[in-house]
Amino acid sequence: MTSGKKNTILCFLLFFFPSILSAQLNVDSAYVFSLIDKAEEFFTSSQYDSALYYTEKAASFSRAKNFKRGLAYSLIEKTDIFIDKDDLEKAALYPPQAEQLGLQLKDSLIVAVSWMQMAQIKMYKGDFHEAAALFGRSLQHYLAAHPTKYSALAFNDLGYTWGRIGELSKQANCLIQSINIYENYFPDHYGELGIAYNNLSTVYYNLNDRAKAIEYARKSLVYREKSGDIARLSLGCCNLSQFYTGIDNKEAEKYLRLCVDYALQSNQESRIIHSYVTAANLYNTNNKPSEALEYELKAISALEKSGKDPSMLARRYMAAATLCRRLGKDSAEIMKYFSKSQWLLTSIQDKANLRDLYLQLSNYHAENKNFSEAYAYYRKYIVYRDSIVGENTKSAIAEINARYESEKKDNEILKLTSEQSIKQLQIEKQKALIAASRLEARRKQNEIELLSQSQELQQLRIKQQDEQLERQLLQAKTNEQQLQLAEKEKQLQERKLKSSQASRNFILAGAALIALLSYFLFNRYQLKRKIKEQQNLLAVRNNIARDLHDEIGSTLTSIKILSEVSEKSLQHDQLRTSSFLQKIAEQSASVQQGISDIVWAVKPENDKIENMVIRMREYIAHTLESKNIQTEISVDEQLLNKTLDMHQRRDFFLVFKEAVNNIVKYADATKVLVKLERNDNGIALFISDNGKGFDATRITSSNGLKNMKSRAADLGGHFTLQSEQGKGTSVSLIIPAT
């Protein structure tokens with residue numbers, strides 16, 4: 001178990017910068033802390049280059065302004081980033097500078113945090129005794145007396161350090177203090193609580209108290225689920241799987257599957273590899289070498305792809321070779337993994353793992369009765385071995401050596417016995433030649449030859465028997481392996497069939513559910529769209545009806561009245577009747593123009609302002625220019641492609657129309673300026689004349705003016721009118737537009 005670096009990194013900005021910023025009133029300090037805040041955001045998402053850019057910017061600005069506090073916090077943030085990047089050499093450059101700044105400012109917190117960062121660097125370098133001293137110093141100086149998140153982090157990291165030293169009671173005490181601070185002061189910091197409880201569970205596991213270890217590991221999982229830390233959920237499940245092994249193997253496999261699933265979800269290479277190795281170890285412990293080899297090969301594939309940890313890859317090759325031995329794999333495959341491991345370890349000169357490799361090779365060759373190779377590899381193991389060698393290893397090499405020497409001596413004894421028998425027969429032959437006859441000598445010679453042939457035949461038979469026995473053992477072992485393999489394949493096929501059926505059922509159910517939801521959502525969407533279209537149509541109808549009633553209706557009523565009056569006056573006063581008929585003609589033209597305006601506003605092809613400008617020019621030609629009033633029109637070309645809906649077009653044009661009509665009726669103007677331009681993401685209409693003007697403060701009951709203001713309000717815009725006697729009139733309308 002290791003302490004996660006990212007969870008031990010200081011999160012200074014999240015807890016103390018707001019209070020610092022509120023106390024620091026000058027603009028320079030606020031700017032520095034805003035830069036550090038940006039750096040923290042990038043650092044949280046592991047964008048180290050961007051984070052370092054903003055910390056360096058903050059540090060440079062602080063140096064230029066001699067802002068020591070800002071410089072200290074910039075250095076603290078930079079240290080956090082380099083620690084998280086595993087660049088401990090660069091990280092070590094900044095805590096001493098932050099410490100000096102803290103002493104100059106008499107800021108105990110800065111000093112304590114700088115010591116804490118020094119301790120973290122020592123801890124990650126493996127200097128645990130120096131790290132423990134620095135952690136204790138930071139706690140004693142400030143953090144222990146002021147329970148903050150830094151206090152909890154310091155106790156947690158000090159606990160981890162005591163654990164690496166071997167002081168389990170001190171480790172447990174520090175972790176409990178860390179947990180108390182989090183629970184009492186920061187109960188919503190689920191990630192940190194998860195780390196502390198996980199570390200505490202490991203302590204109890206090392207003390208062989210499985211029940212307590214499982215209890216705290218499960219608490220750790222609860223907090224990690226709340227924090228949403230998928231990567232460390234994987235780590236916690238791996239630990240729980242290990243704790244349950246041998247106690248409840250069903251629970252152990254359950255958490256092992258969760259460990260692998262969470263690791264894959266996290267997409268973190270280190271977590272995925274760790275989960276594969278944990279799975280392989282668990283299945284190996286539970287005597288399931290086939291499953292163990294499957295996960296070892298997954299770990300090997302991931303490590304080969306990353307290329308970051310050759311020592312770990314070499315150990316996985318060794319583990320794969322060992323599992324292949326248990327499964328009775330071909331010797332070429334076994335030696336392939338041993339050779340890959342040896343090549344890697346030799347290239348990086350990893351003596352500790354080379355020692356273990358040579359021991360495994362020695363045992364492998366001993367199992368295969370190749371005692372000379374086993375003895376050679378064991379001699380290499382002795383060279384790399386530590387000063388402490390276990391008694392079991394001594395017995396193993398003694399046994400191998402004894403077998404080798406025994407076999408060697410047996411051969412020598414057999415050879416010596418045969419030579420002595422031959423010499424004895426030769427002596428008897430000589431005696432027979434001397435004492436008897438040549439016939440006896442011949443007989444003895446025959447016996448010598450027969451005995452030699454008998455010895456050769458006996459040796460050949462022994463050799464044949466050994467070969468036959470070895471073949472029988474090999475055949476039996478092969479048959480057993482084939483039976484095991486067939487059983488494994490059958491189980492695997494059954495699992496695959498069940499898995500495929502479950503997956504198919506799940507996919508079909510999911511597809512049916514998605515189709516059903518899609519059907520309902522599509523119907524709901526169509527219904528909403530139809531209702532909205534009906535509402536829009538109803539609104540258009542209501543607006544047209546209102547316009548017809550307000551403008552056309554009143555004009556037609558006036559025409560009706562004038563017609564009736566004209567009829568009565570036709571015979572008595574023809575001049576007056578002619579005047580009435582003129583008004584009827586004018587109002588009829590007004591009705592026609594009003595209906596034309598309504599039809600123009602309703603047509604969707606007139607959405608663009610370009611079309612409205614054409615309409616405005618036509619109206620000006622019809623009204624102002626026909627009265628010999630010189631008119632200048634200025635339009636911002638950037639507005640021509642902008643669009644207005646029907647209501648906006650109608651109200652905007654009617655305001656324009658009312659203003660032009662007022663000029664014709666009342667202004668006695670000779671020049672008119674019309675401007676249409678962009679104004680702060682809106683549209684501005686300006687109309688001014690050089691007419692006689694009027695006192696705007698006395699106009700309170702004009703229907704035209706009220707209508708223009710009302711329409712401007714409906715558009716969400718602003719209408720203004722400025723006029724003085726003899727100085728003309730100007731009207732402006734500003735509305736928002738997209």
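A few comments on the model shown:
- Wholly within segment 222-318, helices (runs of 4 or more DSSP H) carrying at least 1 residues that are β-branched (V, I, T) and under 30 Å from R355 (Cα atoms): 269-285, 289-306
- Across segment 660-694, the qualifying residues are those that are of a type in the set (A, V, I, L, M, F, W, C) and outside any strand (DSSP E or B), and the one among them that is surrounded by the fewest Cβ atoms within 10 Å (Cβ to Cβ) is V664.
- Odd one out for D651, checked against (1) under 15 Å from M612 (Cβ atoms); (2) part of a strand (DSSP E or B): (2)
- Residue satisfying condition, being more than 21 Å from the chain's Cα centre (by Cα) and within 19 Å of L200 (Cβ to Cβ), within set L282, L240, L256: L240
- Some residue of segment 717-733 being over 20 Å from E610 (Cα atoms), within 53 Å of the chain's Cα centre (by Cα) and not in a loop (DSSP other than H, G, I, E, B): yes
- Total residues in segment 713-735, condition at negative phi and in contact (Cβ under 8 Å) with a residue 60 or more places away in the chain: 7
- Among the residues of segment 628-641, those that are surrounded by fewer than 16 Cβ atoms within 10 Å (Cβ to Cβ) and either within 20 Å of W600 (Cβ to Cβ) or of a type outside the set (D, E) (or both) comprise N628, Q630, I633, S634, Q638, L640, N641.
- Checking each residue in segment 175-205 for being crowded, with 19+ Cβ neighbours inside 10 Å, over 25 Å from the mean Cα position of the chain (by Cα) and polar (S, T, N, Q) picks out Q177, S178, S201, T202.
- Taken over segment 500-536, the criterion of being of a type in the set (F, W, Y), farther than 30 Å from M646 by Cα and more than 31 Å from the chain's Cα centre (by Cα) is satisfied by Y519, F520.
- Hits in segment 673-699 (condition: under 15 Å from L721 (Cα atoms), in contact with a strand residue (DSSP E or B) (Cβ under 6 Å, 6 or more places away or on another chain) and aliphatic (A, V, I, L, M)): L673, V674, A684, L685, I687, A696
Read-outs throughout are calculated quantities, based only on the coordinates presented, and are distinct from any laboratory measurement. Worth saying up front: this structure is predicted, and the values here are computed from it rather than measured. With ideal geometry, Cβ positions are generated from the backbone for all residues, glycine too; neighbour counts draw on all protein chains shown.
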